[in-house]
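Note sheet for the following structure.
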Amino acid sequence: MTGDRSTDLEAAVDAVRTAARACRAVQERLVRPETLEKRDKSPVTVADFASQAIVCARLFGYRSDDPVVGEEDASALREDAQAGLRAAVAERVGEELGERADEERVLSWIDLGSAKAEGPRYWTLDPIDGTKGFLRREQYAVALALIEDGEVVLGVLGCPNLPLHGGVGALFSAVRGGPAWMSPLWDAEAPAQMVRVGTPASAADARLCESVESAHSDQTESARIAALLGIRTEPYRIDSQCKYAAVARDDASIYLRLPTRPNYQEKIWDHAAGSLVVEAAGGRVSDIDGRPLDFTRGRTLAKNRGVVATSGSIHDEVIDAVRRVKD
Ligand code: AMP
Ligand code: MG
């Protein structure tokens, strides 16, 4: 059942690069990306749907039996009122894949991402993590991970707006047991470089990153934790799993995601790829109680509360500060 990791990685990287190009094209060409609101009021754009369709199409071409657990499904897109959005998605997907993609085919690709998060092997996909960052033309990520026997074994993050080598666009990847890699997102031929977390002498010297959206992480509490740790610098606020990338490549050494309400369950596609990239880069990832993230519970991290990712050696100190602020 276990796949060949190098071909798995190749397929995942290719899928993420292609989807990221579609996202970039939507951002460049549309003055205001067309959006639809989900029931929970979160926005979904042409790019979210196109990205999921592309990744699912590519993974289907790679291994048609592999289940994909994606954030989106096509039900809202099938409604009569969404004809314009549907056509725009199909056009974008066709252009990026270089083949004719009629609307029904594109909808069926999107729905390939509706698998259950169970069984010995499945992919999990956030086609655009940080949709709000995407709409603000700031940071967002295409995040794809492979879960085998309840463990994240491979993760790829495409970060179209993250600075790299004087431009923007960075791709991060990791296979469990190996290092974390970073390479230019738009150039598949460019060499990858290994990335490592930083080595702050103590938590006081660490830069802390967190969500831009105060609804996604409690910023008042994080300010109290930072003060307790002796951190004087302002928090680095960026959307999406780019926060994990930031820790992995030493732009920051702490990522705090503090629950804003007691019953929110983190989604696996928001953390699978990013958490592995940080671990492979030498860092540590847990929930706010110090427990490992548990990917055996289906679509959510039902047994965890929030997330803390760090460069490693300062992890216990950070968890201790979180506990003291929470008590
Ligand atoms: P970020 O870009 O870090 O703010 O995270 C974006 C992700 O936050 C989205 O993909 C959502 O799945 C997730 N999200 C939505 N509501 C919440 C919430 N109340 N707490 C934590 N995360 C949330
Ligand atoms: Mg997300």
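How far, in degrees from 0 to 90, does helix 83-97 lean away from the longest principal axis of the Cα atoms of the chain, to the nearest 10?
Between helix and principal axis, roughly 80 degrees.
Return the sequence-ordered ³J(HN,Hα) values of region 52-68 in whole Hz as given by the Karplus equation 6.51 cos²θ - 1.76 cosθ + 1.60 applied to θ = phi - 60°, using x for Gly and Pro.
Taking θ as phi minus 60°, the curve returns 5, 4, 5, 5, 5, 4, 5, 5, 5, x, 7, 9, 5, 8, 6, x, 10 Hz for region 52-68.
Tally Lys/Arg at +1 and Asp/Glu at -1 over every other residue whose Cβ is under 12 Å from the Cβ of Arg176; what's the total?
Once all neighbours under 12 Å are counted, the net charge is -4.
What percent antiparallel are the DSSP beta bridges of region 166-241, to the nearest 5?
Working: 8 of 10 bridges.
Taking every DSSP beta bridge within region 166-241, about 80 percent pair in antiparallel fashion.
So between Glu28 and Arg291, what do we pick up on full extension, going 0.36 nm a residue minus the alpha carbon distance?
Gain on extension, Glu28 to Arg291, equals 90.6 nm.
I'd like the antiparallel share, as a percent to the nearest 5, of DSSP beta bridges with both residues in the chain. Write down the numbers at each step before the final one.
Values: 42 of 49 bridges.
The antiparallel proportion sits near 85 percent.
For region 237-248, what does the Karplus curve 6.51 cos²θ - 1.76 cosθ + 1.60, with θ = phi - 60°, yield as ³J(HN,Hα) per residue in whole Hz, taken in order and with x for Gly and Pro?
Working through the residues one at a time gives 9, 9, 7, 6, 6, 4, 5, 5, 4, 4, 5, 4 Hz.
Would you mind classifying region 245-310 by shape? Square roots of the alpha carbon gyration tensor eigenvalues, ordered a ≥ b ≥ c; an a/c under 1.5 is rounded, otherwise it is prolate if a/b is larger than b/c and oblate if not.
Values: a/c = 2.08, a/b = 1.55, b/c = 1.34.
Prolate shape, in that a/c is at least 1.5 and a/b is the bigger ratio.
So who's got an amide H within less than 5 Å of the one on Gln241, skipping anything under 5 residues away but keeping other chains? H placed 1.01 Å off N, in plane.
Under 5 Å from the amide H of Gln241: Ala141.
Counting only residues 5 or more places away or on other chains, whose amide H sits under 5 Å from the amide H of Gly198 once H atoms are built in the peptide plane?
Asp250
Percent relative contact order of the chain, based on C-alpha pairs within less than 8 angstrom and at least six residues apart?
Values: 730 pairs, mean separation 49.3, N = 327.
The normalised contact order for the chain reaches 15 percent.
Taking amide hydrogens as modeled 1.01 Å from N in the peptide plane, which residues meet the under 5 Å criterion relative to Arg176, leaving out close sequence neighbours?
Placed amide hydrogens put Leu154 under 5 Å from Arg176.
Enumerate the calculated ³J(HN,Hα) couplings along region 153-170 in order (Karplus 6.51 cos²θ - 1.76 cosθ + 1.60, θ = phi - 60°), each rounded to whole Hz, writing x wherever the residue is Gly or Pro.
10, 7, x, 9, 10, x, 10, x, 10, 7, x, 7, 6, x, x, 10, x, 10
Per-residue counts of other Cβ atoms within 10 Å, averaged by peptide: what ranking do you get for 244-255, 69-80, 171-182, highest first?
Ranking, from highest mean packing down: 244-255, 171-182, 69-80.
Provide the FRET efficiency to the nearest 0.05 for the Ala190-Ser6 pair, computing r from the beta carbons and using R0 = 22 Å.
The pair Ala190/Ser6 has a calculated efficiency of 0.75.
Based on the Cβ-Cβ distance from Asp320 to Ala223, what FRET efficiency comes out when R0 is 25 Å, to the nearest 0.05?
Details: r = 17 Å, r/R0 = 0.68.
So the FRET efficiency works out to roughly 0.90.
Taking a quarter of the surface of the convex hull around the Cα atoms of region 183-268, what do you get in nm²?
Taking a quarter of the hull surface, the average projection is 7.0 nm².
From Cα pairs below 8 angstrom and at least 6 apart in sequence, can you work out the relative contact order of region 138-193, rounded to a whole percent?
This gives 24 percent for region 138-193.
Evaluate the charge dipole of the chain about its Cα centre and quote only its size in Debye, nearest 20, assuming +1 on the Cβ of each Lys and Arg and -1 on the Cβ of each Asp and Glu.
It works out to roughly 740 debye.
For the pairs Lys116/Lys326; Lys38/Lys303; Lys38/Lys132; Lys38/Lys326, flag any whose C-alpha to C-alpha distance is greater than 24 Å. It would help to have the intermediate numbers written out before the result.
Details: Lys116/Lys326 34 Å; Lys38/Lys303 26 Å; Lys38/Lys132 13 Å; Lys38/Lys326 32 Å.
Over 24 Å Cα-Cα: Lys116/Lys326; Lys38/Lys303; Lys38/Lys326.
Just order 268-276, 21-29 by mean Cβ neighbour count inside 10 Å, highest at the front, would you?
Packing proxy ranking, top to bottom: 268-276, 21-29.
Only the coordinates and a few stated rules stand behind these numbers; no lab work does. Source: prediction; values computed, not measured. Methodologically, a virtual Cβ is constructed for each residue, glycine included, from the backbone with ideal geometry; neighbour enumeration extends over all protein chains shown.
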